[in-house]
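Here's the structure we're looking at; comments come further down.
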Amino acid sequence: MEVTLAKSAGFCFGVKRAVDMVYQESEKPQKVYTLGPIIHNEQVVADLEAKGVRVLKEDLSDLREGEEATVIIRSHGISKQLYEALEKKGVTIVDATCPFVSKIHRIVQEQHQAGHQIVIVGNENHPEVEGINGWCDHAATVIGTLDQAEKCTLDASRKVCIVSQTTFNYKKFKDIVDIFLKKSYDINVMNTICNATEERQTEASVIAGASEAMIVIGGKHSSNTRKLYEICSQECPNTHFIQTLDDLDLNAFRSIRSVGITAGASTPNTIIKEVQSYVRSEQ
């Protein structure tokens with residue numbers, strides 16, 4: 001059996017940076033919280049919990065007034081209002097927001113202040129999108145499907161700025177933008193999908209198209225991993241979405257000659273290597 005592992009599989013720059021920052025803070029004596037799970041990976045969150053790092057709810061209800069603690073903002077980022085609420089609590093803030101996400105915050109804030117309409121292409125319930133919307137007073141229109149784009153009506157007298165969730169499907173983003181361009185609005189399109197996401201999705205598509213079976217590894221709540229699964233499934237119907245090796249049924253690969261493996265941006269390298277080694281050992 002030929003096993004092909006995607007070179008782009010696993011932690012992206014922003015996630016690795018955030019996780020490293022949490023582990024560094026966990027070595028210090030002060031109480032450490034992450035504002036929401038640092039990444040969508042249960043194994044990493046559990047390991048950090050064992051080191052005393054606690055997950056804080058976004059309503060900050062678990063944070064006592066005047067408590068001496070460090071609160072780490074995850075790579076997804078947060079809204080301006082939530083950041084200010086944290087500052088009022090008097091805690092030490094460690095901002096692990098991915099620089100690519102921070103750039104989007106600055107864009108939508110500036111464009112909104114200039115009076116322009118903001119369109120965010122992404123999943124409206126994803127924490128990154130919620131955070132981005134919070135930098136334009138939650139006034140953005142969030143579009144996640146082609147149907148929503150077709151039905152969307154904006155104020156033709158105002159300029160429109162379109163940005164994207166960093167992990168959104170690149171092809172779908174272009175298709176949604178094309179729909180808005182046909183509506184004849186005065187549009188400024190900012191492709192804010194990070195390069196790592198584009199490369200990961202493109203590589204996954206190529207590997208899936210050349211494989212008889214495909215394995216996509218990542219957390220069940222990971223948006224970017226689900227998009228990888230969708231992309232791979234289009235190229236290879238025999239695509240399997242797993243979180244860890246325990247979810248893998250090797251019986252499904254008994255007569256397979258070629259298997260591709262990729263993983264979401266929140267998947268630790270240890271899990272990827274474990275799956276790769278196990279598949280190879282069962283040849």
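The values are calculated or read from the model by the stated rules, or taken from the named source; none is laboratory data. Note that this is a predicted model, so its numbers are computed, not measured. FYI the Cβ positions are ideal-geometry reconstructions off the backbone, even for glycines, and counts take in every protein chain you see. Only protein heavy atoms, including side chains, enter the accessible area calculation; ligands, DNA and RNA are left aside. Shrake-Rupley method; radii C 1.70, N 1.55, O 1.52, S 1.80 Å.
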Could you list all residues from the range 96-121 that are crowded, with 16+ Cβ neighbours inside 10 Å, among the aliphatic types (A, V, I, L, M) and in a loop (DSSP other than H, G, I, E, B)? Ala96
On the basis of being closer than 26 Å to Ile39 by Cβ, in contact with a Lys or Arg (Cβ under 7 Å, 6 or more places away or on another chain), modelled with pLDDT under 90 and surrounded by 21 or more Cβ atoms within 10 Å (Cβ to Cβ), does Asn169 make the cut? yes
Test: Ser222 is out of contact with any helix residue (DSSP H, G or I) (no Cβ under 6 Å at 6 or more places or on another chain), of a type in the set (Gly, Ala, Ser) and within 30 Å of Gly36 (Cβ to Cβ): yes
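Any chance you could count how many residues in the range 1-22 are under 30 Å from Arg254 (Cβ atoms) and not in a strand (DSSP E or B)? Even if it seems obvious, please write down each step before you answer.
Within the range 1-22, the subset under 30 Å from Arg254 (Cβ atoms) is 1-10.
With the extra rule that they be not in a strand (DSSP E or B), the set shrinks to 1, 6-10.
Within the range 1-22, residues that are under 30 Å from Arg254 (Cβ atoms) and not in a strand (DSSP E or B) number 6.
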Taking the range 28-42 as the search range and keeping residues that are open to solvent by 40 Å² or more (accessible area, probe 1.4 Å) and either assigned to a strand (DSSP E or B) or in contact with a helix residue (DSSP H, G or I) (Cβ under 7 Å, 6 or more places away or on another chain) (or both), which one is farthest from Ile217 (Cα to Cα)? Lys31
Is there any pair with a first residue in the range 259-276 that is over 22 Å from Glu198 (Cα atoms) and a second that is among the hydroxyl-bearing types (Ser, Thr, Tyr) and open to solvent by 10 Å² or more (accessible area, probe 1.4 Å) whose Cβ atoms are under 7 Å apart and which are 6 or more apart or on different chains, and what are they? Ile271/Thr244
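Okay, residues lined up against (1) closer than 16 Å to His40 by Cα; (2) in contact with a helix residue (DSSP H, G or I) (Cβ under 7 Å, 6 or more places away or on another chain); (3) surrounded by 13 or more Cβ atoms within 10 Å (Cβ to Cβ):
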{"residue": "Leu60", "(1), (2), (3)": "no, yes, yes"}
{"residue": "Glu67", "(1), (2), (3)": "no, no, yes"}
{"residue": "Ile73", "(1), (2), (3)": "yes, no, yes"}
{"residue": "Ser79", "(1), (2), (3)": "no, yes, yes"}
{"residue": "Tyr83", "(1), (2), (3)": "no, no, yes"}
{"residue": "Val91", "(1), (2), (3)": "no, no, yes"}
Residue pairs, Cβ under 6 Å, 6 or more apart or interchain, first in the range 168-181 and free of Cβ contacts under 8 Å to residues at least 40 places away in the same chain, second of a type in the set (Val, Ile, Thr). List them. Tyr170/Ile193
Pick from the range 260-277, criterion over 16 Å from Asp246 (Cα atoms) and modelled with pLDDT of 95 or more, ranking: surrounded by the most Cβ atoms within 10 Å (Cβ to Cβ): Thr262
Does the range 222-240 contain at least one residue that is of a type in the set (A, V, I, L, M) and in contact with a Cys (Cβ under 9 Å, 6 or more places away or on another chain)? no
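State which residue is farthest from Asn125 (Cα to Cα) when the search covers only the range 224-242 and only residues that are polar (S, T, N, Q) and surrounded by fewer than 24 Cβ atoms within 10 Å (Cβ to Cβ). Let's see the steps before the verdict.
So the first thing to find is which residues in the range 224-242 are polar (S, T, N, Q), and the list is 224-225, 233-234, 238-239.
Filter once more, keeping what is surrounded by fewer than 24 Cβ atoms within 10 Å (Cβ to Cβ): 233-234, 238-239.
Details: Ser233: 23, Gln234: 24, Asn238: 29, Thr239: 26 Å.
Ranking the qualifying residues of the range 224-242, first place goes to Asn238.
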Mind listing just one residue for me: the one in the range 59-95 that is of a type in the set (Asp, Glu) and assigned to a loop (DSSP other than H, G, I, E, B) and, of those, modelled with the highest pLDDT? Glu68
Give me the helices (runs of 4 or more DSSP H) completely within the range 123-239, filtered to those with at least 2 residues that are over 15 Å from the mean Cα position of the chain (by Cα), ordered by residue number. 146-151, 170-181, 195-209, 223-235
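Give the residue, chosen from Glu25, Glu49, that is part of a helix (DSSP H, G or I) and surrounded by fewer than 17 Cβ atoms within 10 Å (Cβ to Cβ). Give the derivation first.
On the way: Glu25 fails: surrounded by fewer than 17 Cβ atoms within 10 Å (Cβ to Cβ).
Unique residue meeting the criteria: Glu49.
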Condition first: farther than 20 Å from His221 by Cβ and crowded, with 21+ Cβ neighbours inside 10 Å. Now tell me which residues in the range 122-147 satisfy that. Trp135, Cys136, Ala140, Ile143
